[in-house]
1. Report the residue count in the stretch 1-22 for those that are outside any loop (DSSP other than H, G, I, E, B) and either touching a helix residue (DSSP H, G or I) at 6+ places or on another chain (Cβ under 6 Å) or not β-branched (Val, Ile, Thr) (or both).
2. Has the stretch 17-27 got any residue that is under 19 Å from the mean Cα position of the chain (by Cα), modelled with pLDDT of 95 or more and either on the phi < 0 side of the Ramachandran plot or aliphatic (A, V, I, L, M) (or both)?
3. Which residue out of 33, 69 is surrounded by 10 or more Cβ atoms within 10 Å (Cβ to Cβ), under 36 Å from the mean Cα position of the chain (by Cα) and among the hydroxyl-bearing types (Ser, Thr, Tyr)?
Amino acid sequence: MSDDRLKRIEDKVDKVVDQISEVNITLAKQHVSLKEHIRRTALLEDKMEPIDRHVKMVNGAVKLLLIISALAGIYMVFK
């Protein structure tokens with residue numbers, strides 16, 4: 001191989017190495033961002049837990065009232 005061809009190959013390899021280095025830097029930044037996102041998501045899930053419990057309780061109370069109303073209606077019809 002000629003010296004010129006070797007030089008071009010080396011230049012291309014250097015460009016690839018530079019691009020890989022940039023990709024590694026971007027990946028490291030995204031990893032930090034992902035860790036922060038996971039932390040915030042966990043905090044929000046913890047805050048939502050009491051709200052979910054409350055919604056389930058209210059739904060249960062509404063269903064109970066509906067059942068009692070239906071039973072009272074049936075009772076009134078057959079009275």
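The values are calculated or read from the model by the stated rules, or taken from the named source; none is laboratory data. Source: prediction; values computed, not measured. Cβ sites come from the backbone with ideal geometry, for glycine too, and all protein chains shown count toward neighbours.
1. 15
2. Taking every residue of the stretch 17-27 in turn, at least one turns out to be under 19 Å from the mean Cα position of the chain (by Cα), modelled with pLDDT of 95 or more and either on the phi < 0 side of the Ramachandran plot or aliphatic (A, V, I, L, M) (or both).
3. Step by step, each of 33, 69 is checked, and only 33 is surrounded by 10 or more Cβ atoms within 10 Å (Cβ to Cβ), under 36 Å from the mean Cα position of the chain (by Cα) and among the hydroxyl-bearing types (Ser, Thr, Tyr).
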